[in-house]
Structure formats: structure tokens, C-alpha cells
């Protein structure tokens, strides 16, 4: 299967999954959006995505090029496995971030309500 066919097949399967209810939380994830600031939740949002730099896979030993070649070969052989792991970790991190944002929002609402109800 060539890449164009693979992409079309992935889109077809994703559409079928959405119709079957497999991705019922996809709208909630899309609604998260990227926070404009690099502080607080915005910084956590940036950290939530697993993006390893594959160019940093190397051996720092003197004459370590054979070890670097083996490491990069293993990385290439295990590309699909690592991609799935990175995807699962990223999904977990984003869900955890969404839950944390909801808790922070609820705390802010409760604190505001407490301020309004507090006698002067």
C-alpha cells in the first residue's frame, strides 16, 4: 500500500470510528485549544505532547559510530512501536491536562461563589 492509499484508508477508518462512537471525546479534545501564554496551563499543554528528537540518538564514546548506527537501526526497526507508545502517552497527557483544567475552573467557580456568599 502506498502512502496516499494509507492516508485515505486511515481517514476512512477514522470516519467509521466516529460514526460508531469510538471517538466520542474528540470534540472535547479539539475544544482544548492552545493557550496563548507560555505560563501555567499553556506550558503544561506544550509539555503534554511527546516529541522526541531522533537526531539526538547517538553514542558519545570515542569511535562510537558503530553503536550510533546500531541505535539508529533499532530505532528505525521499532518506529511503529515507538509511534504507538508516543501516541498513547500524548493522549493520556492531554486527557490529564483537560481534567486538571476542569478542576482549576471548578475551584475558581467555588472560590468566586464563596466570595459572593461571604458576609461583609
Query - Elements of type helices (runs of 4 or more DSSP H) contained in the stretch 9-120, each with 3 or more residues being at pLDDT below 85 - result: 26-30, 41-48
Query - Residues that are more than 29 Å from residue 54 (Cβ to Cβ) and surrounded by fewer than 11 Cβ atoms within 10 Å (Cβ to Cβ), drawn from the stretch 74-101 - result: 99
Report summary line: The condition of being under 23 Å from the mean Cα position of the chain (by Cα) and either in the same structural domain as residue 102 (by TED's automatic domain parsing) or over 30 Å from residue 102 (Cβ atoms) (or both) holds, among 91, 61, only for 91
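The values are calculated or read from the model by the stated rules, or taken from the named source; none is laboratory data. Just so you know, these numbers come straight off a predicted model, no measurement behind them. Cβ: placed from backbone, ideal geometry, glycine included. Neighbour counts: every protein chain shown.
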